[in-house]
1. Does segment 6-35 hold any residues that are buried (at least 19 other Cβ atoms within 10 Å of the Cβ), among the aliphatic types (A, V, I, L, M) and within 18 Å of Ile123 (Cα to Cα), and which are they?
2. When you scan segment 22-109 for helices (runs of 4 or more DSSP H) that lie fully inside it, which ones turn up with 3 or more residues that are in contact with a helix residue (DSSP H, G or I) (Cβ under 7 Å, 6 or more places away or on another chain) and among the hydrophobic types (A, V, I, L, M, F, W, C)?
3. Mind checking which residues of segment 10-21 are under 18 Å from Lys87 (Cα atoms) and out of contact with any helix residue (DSSP H, G or I) (no Cβ under 7 Å at 6 or more places or on another chain)?
4. If you go through segment 110-133 one residue at a time, how many are assigned to a helix (DSSP H, G or I), within 30 Å of Leu53 (Cβ to Cβ) and aromatic (Phe, Trp, Tyr)?
5. Does Leu12 count as over 20 Å from Met107 (Cβ atoms), assigned to a helix (DSSP H, G or I) and without any contact (Cβ under 8 Å) to a residue 12 or more places away in the chain?
6. From the list Thr42, Thr114, Thr83, which one is β-branched (Val, Ile, Thr) and either surrounded by 13 or more Cβ atoms within 10 Å (Cβ to Cβ) or in contact with a Lys or Arg (Cβ under 6 Å, 6 or more places away or on another chain) (or both)?
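What follows is calculated from the coordinates using simple rules that are stated; it is not laboratory data. Bear in mind that the values here come from a model prediction, so they are computed numbers and not experimental data. Quick reminder, even Gly has a Cβ in these numbers, built from the backbone with ideal geometry, and neighbours come from all protein chains shown.
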Amino acid sequence: MNPILRNILGVLAGVLAGGILNMGIILISGSIIPPPEGTDMTTTEGLKAAMHLMEAKHFIMPFLAHALGSLLGAFVAAKLVATHKMKFAIGVGIWFFLGGVSMVFMMPSPLWFTVLDLGVAYIPMAYFGGMLATNNQVKTVQLL
């Protein structure tokens, strides 16, 4: 297969896989961590109205959705593309990061969550996914 076509298809597959995982986690999050009583979390208006009632636990699943979606998307892209595997993995992370930035403007959230989400869930996780896919050793801190 032509390397350019393979790169395009690999990135599209990564974005699709990461997006599906992200949305899947978001869809099941309410059954794992129930939303505050009397809130409608199915609409943007309902989410905005309920934001002041949210506790830290309510932000766990969105963070995991963003982080794992970026990780999987970058992993899939790096596995499938023909060349520049880490560059395309990071590119997928940037794609999801831009989606995260747009959500910050559309949906108010606490500052701590915004900083954590934008700082950790996208580019670092995409880097980690790319490293896993390319069999490079990820440097870890040894505790003992």
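1. Result: Val11, Val15, Ala17, Leu21.
2. Because the criterion is at least 3 residues that are in contact with a helix residue (DSSP H, G or I) (Cβ under 7 Å, 6 or more places away or on another chain) and among the hydrophobic types (A, V, I, L, M, F, W, C), the helices (runs of 4 or more DSSP H) in segment 22-109 that meet it are 60-80, 85-106.
3. Within segment 10-21, Leu12, Leu16 meet the criteria.
4. Matching residues across segment 110-133 total 2.
5. Criteria met by Leu12.
6. The conditions single out Thr114.
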